[in-house]
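Data first, discussion second: the structure below is written as structure tokens.
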């Protein structure tokens with residue numbers, strides 16, 4: 001199991017980063033907020049989870065261990081794979097997800113792309129007794145600062161979560177006022193605001 005990764009950022013996309021380790025570049029799938037806080041040429045440490053499939057090995061990276069734990073916990077529910085689990089961690093902090101599951105708030109859970117009412121009910125049923133460990137964990141990912149074009153980062157993140165380019169562009173238009181009011185608004189804050197507009 002590869003539990004942690006540290007190295008120089010070689011490239012960044014909407015939902016991935018490439019980390020260089022002694023000449024070897026590892027592509028790591030991650031949340032849009034994590035990708036938005038990475039800058040090429042700088043050092044980055046990620047808590048990781050390796051997902052092994054018959055035809056692939058995919059490494060997922062997270063800014064905090066609690067996010068990785070949430071990602072792995074969500075996949076213990078039947079029918080939930082890494083793509084949906086990553087979307088859960090992109091939309092919720094681990095503690096917020098734990099609270100939604102514990103309280104049976106299926107309406108909040110359906111804001112995750114790819115999860116409908118039945119899927120949300122299944123998550124509540126299967127994870128209600130398991131999320132207590134996440135409830136105490138916080139998240140500091142809002143500390144990330146916008147680098148480069150925030151629209152590209154937010155759009156790329158939304159598209160990586162499964163939204164169409166048209167919906168992603170519309171969501172960016174909806175949150176543009178936040179950047180006008182505060183140019184240093186973190187990508188994670190913008191992404192959450194964009195997700196809220198798409199969930200309406």
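What follows draws every value from the coordinates through simple rules; no lab data is involved. Since this is a predicted model, take the numbers as computed values, not measurements. Don't worry about glycine lacking a Cβ; one is built from the backbone with ideal geometry, like all the others, and counts go over all protein chains shown.
A few notes on this one:
- Measure of compaction for segment 66-135 (Cα Rg per 2.2 N^0.38 Å): 0.91
- Each of 47, 22 was scored by other Cβ atoms within 10 Å of its Cβ. Arranged with the fewest first, they read 22, 47.
- Per-residue Cβ neighbour rank within 10 angstrom, fewest leading, 80, 2, 109: 2, 80, 109
- FRET efficiency estimate (nearest 0.05) - Cβ-Cβ, residue 56 to residue 176, R0 30 angstrom: 0.25
- Projecting the alpha carbon convex hull of segment 4-62 along each direction and taking the average yields 3.8 nm².
- Shown for 163, 60: other C-beta atoms within 10 Å of each C-beta, ranked fewest to most, produce the order 163, 60.
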